[in-house]
Amino acid sequence: MLSPQEQLRFSRQTMLKSIGEDGQQALKNAKVIIVGLGGLGNPASLYLNAAGIGTLYLVDGDTIDVSNLPRQVLFNDAQVSQGKADIAAEILNQQNSETNIEVLDEMLDEELADYYFPLVDVVLDCTDNITTRYLINQKCLEHKKPLVIGAATGFDGQYMFVEPNIADSACYQCLFPINKNAPENNCQTLGILGPVLAIVGGLQALQAMKFLTGNKVATNQLSIFDGFNNSWQQLSIKKQQHCPACGND
Amino acid sequence: MKIYINGDAVELADCSVPTSIQAALVKALPENQRQQSFALALNGDFVGKGDYANTVLKSDDSIDILLPIVGG
């Protein structure tokens, strides 16, 4: 049951038929883990926190660098060298003090995933390296947790939703099978513009909210954003029966 | 037989022998590129890695190789 203050605060969300008070209550009851509090995790956490998600787990062992500031818009000069997850929690608490925020100021590993993923309703992959992306994918499959994947470099972004509770949902490894040469290019090596991250991180937050409020979120689809030419492309993908991560054999 | 890989024309020599996606990749891409993680679309439709060897190409087919973006 929403309090009168909550009814007022979230009125522009609850007036949406596809959200309503039931949806807002679902957001309040929800637990979301955001892995990576960089360029994607910043906007995604801001929007989820503002929207009234009950519990946010923020995972990042990195510290703020001055070169992060143009795109990681939660942070400022005075916070350089401090922990990203800690500072993000402080700022988010100022934005919406009702959210229960838990800081995990270390890089995600198997042990952390095995402990925290079972506690949450949805996982956001906002990381910047493929090794962790494969680990998150694997752990979401093992723990049957929906996974909202975002990625961006340069002017380009990718987004995908994996729902292990749907039998034919393709996983990240169905799309990008592990191979000998893992891509190593990220924002540090290829460059990035902040608004590209805002678009992809915002999309991740939107899809998480839709999922948590019982609305349909498409699986088996890779969305590809080209911010230079202002275009989106959708690639329909299929679960791979021989996928080492999620396949049936 | 001519096909296209990421928009570039690639001539596959012997068109009397059915050529699979796997064979075309071996011919057209250096080994270090084939050893990267990538997704592949044939004429706009996703083809999983397990189907590269049994998907036969025809003239003017277009293969797009899509690399994962990993930054965030």
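The values are calculated or read from the model by the stated rules, or taken from the named source; none is laboratory data. Nothing here was measured: the structure is a model prediction, and the numbers come from that model. With ideal geometry, Cβ positions are generated from the backbone for all residues, glycine too; neighbour counts draw on all protein chains shown.
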Unmet requirement for A:T189, which otherwise passes all of (1) surrounded by 13 or more Cβ atoms within 10 Å (Cβ to Cβ); (2) part of a helix (DSSP H, G or I); (3) within 10 Å of chain B (Cβ to nearest Cβ); (4) out of contact with any helix residue (DSSP H, G or I) (no Cβ under 7 Å at 6 or more places or on another chain): (1)
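What about A:Q233, is it of a type in the set (S, T, N, Q) and facing chain B (nearest Cβ under 10 Å)?
Numbers: of a type in the set (S, T, N, Q): yes; facing chain B (nearest Cβ under 10 Å): yes.
Criteria met by A:Q233.
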Filter result for the condition that a residue is more than 12 Å from chain B (Cβ to nearest Cβ) and in contact with a His (Cβ under 6 Å, 6 or more places away or on another chain), over A:P195, A:P118: A:P118
Close pairs from the range A:102-115: first closer than 13 Å to A:T132 by Cα, partner among the acidic types (D, E) and surrounded by 16 or more Cβ atoms within 10 Å (Cβ to Cβ), Cβ under 8 Å, at least 6 apart: A:M107/A:D60; A:M107/A:D62
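Looking at this structure, is A:E142 more than 14 Å from chain B (Cβ to nearest Cβ) and crowded, with 21+ Cβ neighbours inside 10 Å? Write out each step before concluding.
On the way: more than 14 Å from chain B (Cβ to nearest Cβ): yes; crowded, with 21+ Cβ neighbours inside 10 Å: no.
For A:E142, the condition - more than 14 Å from chain B (Cβ to nearest Cβ) and crowded, with 21+ Cβ neighbours inside 10 Å - is not met.
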Residue selected from the range A:214-226 under the condition assigned to a loop (DSSP other than H, G, I, E, B) and crowded, with 18+ Cβ neighbours inside 10 Å, by the criterion farthest from the other protein chains (Cβ to nearest Cβ): A:T219
Flag if B:V47 is β-branched (V, I, T), modelled with pLDDT of 90 or more and under 18 Å from A:P177 (Cα atoms): yes
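Quick one: which strands (runs of 3 or more DSSP E) sit completely within chain B and have at least 3 residues that are touching a residue at least 24 places away in the same chain (Cβ under 8 Å)?
Values: elements: B:2-5, B:8-11, B:39-42, B:45-47, B:62-66.
Counting at least 3 such residues, we get B:2-5, B:39-42, B:62-66.
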Positions within the range B:21-42 being within 11 Å of another protein chain (Cβ to nearest Cβ), of a type outside the set (F, W, Y) and within 25 Å of A:L222 (Cα to Cα), in sequence order: B:N32, B:Q33, B:R34, B:Q35, B:Q36, B:S37, B:A39, B:L40, B:A41
Within the range A:30-126, strands (runs of 3 or more DSSP E) holding 1 or more residues that are among the hydroxyl-bearing types (S, T, Y) and at pLDDT 95 or above: A:55-59
Count - residues of the range B:56-72 that are farther than 19 Å from A:P183 by Cβ and either of a type in the set (F, W, Y) or surrounded by fewer than 18 Cβ atoms within 10 Å (Cβ to Cβ) (or both): 5
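How many residues are more than 11 Å from the chain's Cα centre (by Cα) and within 26 Å of A:P244 (Cβ to Cβ) when one looks only at the range B:9-45?
From the range B:9-45, those more than 11 Å from the chain's Cα centre (by Cα) are B:9, B:11-18, B:30-33, B:35-37, B:44-45; that's our starting set.
With within 26 Å of A:P244 (Cβ to Cβ) added as a condition, the list becomes B:30-33, B:35-37, B:45.
Within the range B:9-45, residues that are more than 11 Å from the chain's Cα centre (by Cα) and within 26 Å of A:P244 (Cβ to Cβ) number 8.
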First in the range A:172-183 and at the interface with another protein chain (Cβ under 7 Å from one of its Cβ atoms), second anywhere and assigned to a loop (DSSP other than H, G, I, E, B) and of a type in the set (V, I, T), Cβ under 6 Å, 6 or more apart: A:L175/A:I237; A:P183/B:V70
